[in-house]
Amino acid sequence: MKTIKQNIQIVEEKITAAAERAGRKREDVLLLAVSKTKPVEVIREAVACGLTSLGENKVQEIMEKYEPMGDGVHWHLIGHLQTNKVKYIIDKVDMIHSVESLRLA
């Protein structure tokens, strides 16, 4: 079984190769690590390896992990967002990928 660090290195190599094939720079591509259902200890290990953009499906997961992870993490909500839950994460996420209506936006 590969370590988190080894897996990240493999993914980075694939991203670099794909970027080169497309005539782009590696730094033009965002690697968004989905931390869904993973405990904070595992996420910390990934962040220590350089992954600072994290995606979560659920508002509750971001709320549970936001403070323990501290500064330096860029959170993205990638799952469904209910209008009544926007207030909980609007100041915690860099991007909401799942805006489904003008009202929600």
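Quick notes on this one:
- Solvent-accessible area of THR3 with every protein chain in place, 1.4 Å probe, in Å² to the nearest 10: 70 Å²
- Semi-axis lengths (Å, descending) of the ellipsoid that matches the C-alpha gyration tensor of the chain: 26, 19, 10
- 13 Å beta-carbon shell around MET63, net charge (K/R +1, D/E -1): 0
- Length added when fully stretched, LEU30-ILE10, from 0.36 nm per residue minus Cα-Cα: 5.7 nm
- Computed on the chain, with alpha-carbon pairs under 8 angstrom and 6+ residues apart, the relative contact order is 20 percent.
- Accessible surface of HIS74 - all protein chains present, 1.4 Å probe, nearest 10 Å²: 80 Å²
- When a 1.4 Å probe is rolled over the protein heavy atoms, the share of accessible surface on region 33-75 that falls to carbon and sulfur comes to 50 percent.
- Solvent exposure ordering (accessible area, 1.4 Å, most first) of ILE8, ILE96: ILE96, ILE8
- Solvent accessible area, Å² - MET95, 1.4 Å probe, full protein context: 90 Å²
- Rounded accessible area per residue of the chain, 1.4 Å, Å²: 68 Å²
The values are calculated or read from the model by the stated rules, or taken from the named source; none is laboratory data. If you're wondering where the values come from, they're calculated on a predicted model, not measured in any experiment. Cβ: placed from backbone, ideal geometry, glycine included. Neighbour counts: every protein chain shown. Remember, those area values only see protein heavy atoms, side chains included, never the ligands or the DNA or RNA. Shrake-Rupley method; radii C 1.70, N 1.55, O 1.52, S 1.80 Å.
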